[in-house]
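Asker: Take a look at this one; I'll ask things after.
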Amino acid sequence: MSRMARVMHATRLLDAQFTAPGTLLASFERPAGFDFEPGQYVMLELETAEGAQAKPFTIASAPSDPLLQIGTRLTGSAFKDALAAMAPGDAAAVSEPLGRRVVPPGAAKALFLVGGVGVTPARSVLRDAAATGSGLDVVTVYGNSDQGNIPFGEEFAALAEADPRLRFVHVLSAPASGWGGDTGFITADLVRERVPDFAERHTVVTGPPAMIEAMDRVLTDLGVPPERLTVERFAGYR
């Protein structure tokens, strides 16, 4: 759909909070009748120093949440600077929901291979599973740099404590002393060890191009078939 033909809905910022250093969770007013499925995305339009711009963002909130949330890493671009400078009440616009549900209906088990703010589709799925009591069994293998740079870390710990079917495997590339979990990067061997039933799960990989390229090798090594795989590339990351 062209930008000229895209339906846009007026909204306004309600709140913005950092979920990790340099990673912002922005909460917007949810337009009336705005229905979506976990994993879909929107085009968010803002006025920037370079004029009006629209960028794609996965919806980080669940369909049952009363507001519309997006998470992003601040990069210093004109768009991200404008987003970071917004105050509650400032105007924006969002498109109709775009894309697809990342975990197909009927799937009983899912596996997310994600890093950093690329976890936003998983957050939507996890919050939806917790809110609806769907019974979806989800393992999220989540790569980050260190303990202080895990977006939504506290929220995810609370979800896992409340429901043992929502499990996280944290993989840190440069952890501070005292870390007792996995280190390095997400590999096929790590997935085999930590998620022995990976072949029974629908695998979802989301993130910027570099993350997708790295996970392509992991997926090939694991032999994940196309019918059990969803890959979402975060284009236009800046």
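Asker: Just for the range 193-231: of the residues that are part of a strand (DSSP E or B) and in contact with a Gly (Cβ under 7 Å, 6 or more places away or on another chain), which one is modelled with the lowest pLDDT?
Answerer: Only one residue fits best here, namely Gly207.
A quick yes/no check of all residues on (1) touching a Leu at 6+ places or on another chain (Cβ under 6 Å); (2) more than 18 Å from Leu126 (Cα to Cα):
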position	(1), (2)
Arg73	no, yes
Ala82	yes, yes
Ala85	no, yes
Ala91	no, yes
Pro97	no, yes
Arg100	no, no
Val103	no, no
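Rundown of residues vs (1) touching a residue at least 40 places away in the same chain (Cβ under 8 Å); (2) part of a loop (DSSP other than H, G, I, E, B), yes/no style:
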site: Phe18; (1), (2): no, no
site: Ser27; (1), (2): yes, no
site: Ala52; (1), (2): no, no
site: Ala60; (1), (2): yes, yes
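Asker: Give the residues of the range 86-115 that are under 18 Å from the mean Cα position of the chain (by Cα), under 22 Å from Phe168 (Cα atoms) and either assigned to a loop (DSSP other than H, G, I, E, B) or β-branched (Val, Ile, Thr) (or both), sorted by residue number.
Answerer: Arg101, Val102, Val103, Pro104, Val114
Asker: Kindly indicate the residue of the range 123-140 that is of a type outside the set (S, T, N, Q) and buried (at least 24 other Cβ atoms within 10 Å of the Cβ) and also farthest from Leu68 (Cα to Cα) among those meeting that condition.
Answerer: Within the range 123-140, the match that is farthest from Leu68 (Cα to Cα) is Val138.
Asker: Let me ask you something else. Take the residues in the range 188-228 that are in contact (Cβ under 8 Å) with a residue 12 or more places away in the chain, charged (D, E, K, R) and within 18 Å of Val138 (Cα to Cα), then tell me which one is surrounded by the fewest Cβ atoms within 10 Å (Cβ to Cβ).
Answerer: So, considering only residues that are in contact (Cβ under 8 Å) with a residue 12 or more places away in the chain, charged (D, E, K, R) and within 18 Å of Val138 (Cα to Cα), the one surrounded by the fewest Cβ atoms within 10 Å (Cβ to Cβ) is Asp197.
Asker: If I go through the range 120-168 residue by residue, how many of them are closer than 18 Å to Trp179 by Cβ and assigned to a helix (DSSP H, G or I)?
Answerer: Residues flagged as closer than 18 Å to Trp179 by Cβ and assigned to a helix (DSSP H, G or I) within the range 120-168 amount to 5.
The values are calculated or read from the model by the stated rules, or taken from the named source; none is laboratory data. Everything numeric in this text was worked out from a predicted model, so none of it was measured. Glycine gets a Cβ as well: all are built from the backbone with ideal geometry, and neighbour counts include every protein chain shown.
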